[in-house]
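The values are calculated or read from the model by the stated rules, or taken from the named source; none is laboratory data. All of these numbers come straight from a predicted model, not from anything done at the bench. Glycine gets a Cβ as well: all are built from the backbone with ideal geometry, and neighbour counts include every protein chain shown. Only protein heavy atoms, including side chains, enter the accessible area calculation; ligands, DNA and RNA are left aside. Shrake-Rupley method; radii C 1.70, N 1.55, O 1.52, S 1.80 Å.
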Amino acid sequence: MSFVHSRRSWFIAVGAVLGLVAGLSLNFVAQAGASTGANSGDPVTLRLGYFPNVTHATAIVGVESGLFEDGLGNGVDLQLSNYNAGPAAVEALFADALDATYIGPNPSINAFAQSNGEAIRIISGTASGGAFLVVRPSIKKTKDLKGTTLASPQLGNTQDVALRSWLKQHGLETDVNGGGDVSIVPQDNALTLAAFKAGDIDGAWVPQPWAERLISEGGGMVLVDERDLWPGGTYVTTQLIVRTEYLDDHPDVIQKLLEGQVAANDFITTNRSVAENLVVKGIEQATGKPIAPELVTATFDTVTFTNDPIASSLKKSAKDAESVGLLDPVDLKGIYDLKLLNKVLKQAGEPTVSAK
């Protein structure tokens with residue numbers, strides 16, 4: 001077994017805007033026509049997951065702009081699902097309720113390990129950065145955390161592993177039942193915000209926009225910006241995984257999805273304000289609650305959108321999960337399949353990426 005005890009079950013404007021998006025969508029559709037398969041023969045379903053987080057802005061922009069659906073063409077039925085954290089998305093993938101999902105590194109590692117390297121492949125990165133430990137202003141130093149209660153999005157998700165590993169490095173022990181020097185409560189990000197505002201927890205290690213919301217709405221302070229823990233400040237926050245069987249059966253569909261993703265990341269870079277508006281819209285539609293545009297603007301400053309999976313950081317994340325007892329040692333050979341991504345990048349005149 002690669003994950004912990006069996007009880008840990010698997011665990012998200014207007015005229016000018018529309019004009020820009022429509023123009024890019026039409027251009028993308030024209031380019032997508034050069035790919036084969038998805039627009040001919042029997043209809044194919046692609047069940048795609050993502051989270052209503054700014055760290056998943058690539059997926060949100062791809063969905064809200066129409067880049068994904070238009071690019072996939074009439075021959076592909078795109079079905080979308082939202083999740084709070086990675087383990088829940090992987091659970092859906094294992095239950096054959098999902099074909100591909102945007103997700104963090106640790107649940108991807110766990111899915112690969114749990115299936116003996118067979119179930120999934122990482123086919124692209126999408127984002128780096130955007131995760132923080134936000135705490136009450138009275139907590140000034142790491143030692144002040146002893147005896148506190150902190151939250152993470154879900155047991156075994158990327159931020160949960162990062163929090164437990166960081167605490168251990170600073171001599172603070174945790175366990176999966178909420179005991180130890182610091183009690184960790186894995187829960188939905190919306191519940192974390194409410195609990196922090198109510199004084200029920202002392203902080204949380206969460207992705208954007210939740211970190212910014214803990215600050216702006218809950219009066220929290222950043223104790224750790226995860227970028228400071230990585231060489232060059234870069235580490236994989238979000239990547240795209242696909243069921244290996246689906247990748248083998250429908251490489252043409254996956255290539256079109258990757259074309260849409262690369263176009264979405266380019267759109268974020270060249271039309272940031274429009275992309276921010278799309279993310280505001282997408283998060284509100286997914287959660288049923290409005291999000292302040294200025295909040296999304298602030299969080300965009302903390303995330304780098306990149307197709308590079310930053311493989312070296314994934315390997316360290318695996319070691320971190322091992323160190324806190326959430327993962328048995330695992331051989332990650334074969335977890336990446338970047339052939340289609342590099343084909344798409346080369347066609348777009350962009351640098352290719354490596355699994356090293």
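A few points about this structure:
- Total residues in segment 66-76 satisfying the condition of being open to solvent by 10 Å² or more (accessible area, probe 1.4 Å) and not acidic (Asp, Glu): the figure is 5.
- Checked against the criterion of being more than 19 Å from VAL224 (Cα to Cα), at pLDDT 95 or above and assigned to a loop (DSSP other than H, G, I, E, B), segment 126-148 contains not a single residue that satisfies it.
- Some residue of segment 316-338 being open to solvent by 70 Å² or more (accessible area, probe 1.4 Å), under 21 Å from THR234 (Cβ atoms), polar (S, T, N, Q) and within 18 Å of the chain's Cα centre (by Cα): no
- Residue check, THR238 under 15 Å from the mean Cα position of the chain (by Cα) and open to solvent by 50 Å² or more (accessible area, probe 1.4 Å): no
- Residues that are open to solvent by 20 Å² or more (accessible area, probe 1.4 Å) and out of contact with any strand residue (DSSP E or B) (no Cβ under 7 Å at 6 or more places or on another chain), drawn from segment 149-178: LYS168, GLN169, HIS170, GLY171, ASP175, VAL176, ASN177
- Scanning segment 159-200 for residues that are over 14 Å from GLY325 (Cα atoms) and among the β-branched types (Val, Ile, Thr) turns up VAL182, ILE184, VAL185, THR192.
- Of the residues PHE305, PHE267, the single one that is within 25 Å of GLY232 (Cα to Cα), modelled with pLDDT of 95 or more, in contact with a Leu (Cβ under 7 Å, 6 or more places away or on another chain) and open to solvent by less than 40 Å² (accessible area, probe 1.4 Å) is PHE267.
- Counting only helices (runs of 4 or more DSSP H) that sit completely within segment 38-120, zero hold 3 or more residues that are under 20 Å from ALA190 (Cα atoms) and more than 18 Å from the chain's Cα centre (by Cα).
- Test for GLN114: is it open to solvent by 10 Å² or more (accessible area, probe 1.4 Å) and in contact with a strand residue (DSSP E or B) (Cβ under 8 Å, 6 or more places away or on another chain): no
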